[in-house]
1. Select, from Ser122, Ser93, the only residue that is small (Gly, Ala, Ser), open to solvent by 40 Å² or more (accessible area, probe 1.4 Å) and in contact (Cβ under 8 Å) with a residue 24 or more places away in the chain.
2. Can you find a residue that is in a strand (DSSP E or B), under 15 Å from the mean Cα position of the chain (by Cα) and aromatic (Phe, Trp, Tyr) anywhere in region 77-100?
3. From the list Ala22, Ala39, Ala70, Ala64, pick out the single residue that is free of Cβ contacts under 8 Å to residues at least 24 places away in the same chain and under 10 Å from the mean Cα position of the chain (by Cα).
4. For Val129, only one of the following conditions fails: (1) surrounded by fewer than 19 Cβ atoms within 10 Å (Cβ to Cβ); (2) under 14 Å from the mean Cα position of the chain (by Cα). What is its number?
5. Kindly indicate whether Thr114 is at pLDDT 90 or above and surrounded by fewer than 20 Cβ atoms within 10 Å (Cβ to Cβ).
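The values are calculated or read from the model by the stated rules, or taken from the named source; none is laboratory data. Since the structure is predicted, the reported quantities are computational estimates derived from the model, not experimental observations. Reconstructed Cβ throughout: ideal geometry from the backbone, glycine too, with neighbour counts over all protein chains shown. These area figures cover heavy atoms from the full protein model, side chains too; ligands, DNA and RNA do not enter into them. Shrake-Rupley method; radii C 1.70, N 1.55, O 1.52, S 1.80 Å.
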Amino acid sequence: ILKDFKGDPAQPTIVRPTIAPALIKEIKDADDLAAFRDAVNSGETYEGETVTLTNDITVTDWEAGIGIEADNKPFSGIFDGQGHVINLAGSTSLFALIGKANEHNYGTIQNCYTKGTITNDSYYTGGIVGDNGGTIRNCYSTALCTGNNNTGGIVGKHSGTILQCYATGAINGELS
């Protein structure tokens, strides 16, 4: 007889372990990119993790960027594009929010290149990042960026660090 047993001995208790889904660490296509975005937007920060782009990819109907400012869910890891191209078409930047400078929760986007068309009716539109509180390094964009407020070729709103980046795409909207 078990001491202080509270359950019904005729009905054994089954304990099932909780298995967390594996983090997306390599992005080879648009589906992987969407799964990565969904993980970050669900609260996975990727802090201390590196995610690599392994192929050039085309993404259409990009309606939600990676990271959600309204819910304070930034990407805080390292995204290494390895020089690959993301041809992006949609209504938001590739990354909506990386890091938050005032919280020392930095993310890094490096070695990536975007092209395509981003048309955003809201705030913070950039060829790579909408709201940057992290570091963007060795990146460039030829994307056409259209937004209402805080629109730029690399970032829309900036409070982090940008190193060795450039943009050649047209910008329609208020510059940040």
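1. Ser122
2. yes
3. From the options Ala22, Ala39, Ala70, Ala64, the qualifying one is Ala39.
4. Condition (1) is where Val129 drops out.
5. Criteria not met by Thr114.
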